[in-house]
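> Take this structure, written in structure tokens, and hold onto it; I'll ask about it next.
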Amino acid sequence: MATVATPDTVQSEAYISTAALFLVFSTSPKEEKAYLRLPPNWRDLWAEFAELRKAKTDALDRETVREFREMFREQVTAEEEDGVVLKNGFRKRNKGTETPEEVEGVKPKTNGL
């Protein structure tokens, strides 16, 4: 926004006023349509501000999703290395009726019967 120039002070004041209104009212759901009261050229400026805010929010959301995805991958990799996923998969497949020893192939001790 440092590169924006206006031909006179009236437009400069209108630009700053529009920016201030955006900062105050754009986060309020009650006043989300406040920009409709502005002249058309300042509505366009409001729309540009809204697009910039959405782009920043989307970038932050993508970064958050990327971090969660990486944490999930690390957890899955650790479980696969420990063999936890395989044991849990066998239990779920057999509906939990077998003991972990039976799942691993070790037969439980019998009392001679």
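The values are calculated or read from the model by the stated rules, or taken from the named source; none is laboratory data. Owing to the predicted nature of the structure, the values given are computational and were not obtained by experimental measurement. Here the Cβ is made from the backbone with ideal geometry for all residues, glycine too, and neighbour counts use every protein chain on show.
> Does segment 99-111 include one or more residues that are in contact with a helix residue (DSSP H, G or I) (Cβ under 9 Å, 6 or more places away or on another chain), at pLDDT below 80 and exposed (fewer than 10 other Cβ atoms within 10 Å of the Cβ)?
yes
> Any residue in segment 9-20 that is closer than 10 Å to Trp42 by Cβ sitting within a Cβ distance under 6 Å of a residue that is in a helix (DSSP H, G or I)? List the pairs, counting only those 6 or more apart or interchain.
Going by the 6 Å Cβ cut-off, the qualifying pairs are Thr18/Trp42; Thr18/Leu45.
> Any residue at all in segment 48-69 that is in contact with a helix residue (DSSP H, G or I) (Cβ under 6 Å, 6 or more places away or on another chain) and modelled with pLDDT of 85 or more?
Yes, segment 48-69 contains at least one residue that is in contact with a helix residue (DSSP H, G or I) (Cβ under 6 Å, 6 or more places away or on another chain) and modelled with pLDDT of 85 or more.
> Can you pull out the residues in segment 1-53 that are of a type in the set (A, V, I, L, M), surrounded by 15 or more Cβ atoms within 10 Å (Cβ to Cβ) and assigned to a helix (DSSP H, G or I)?
Ala14, Ala19, Leu21, Ala34, Leu45
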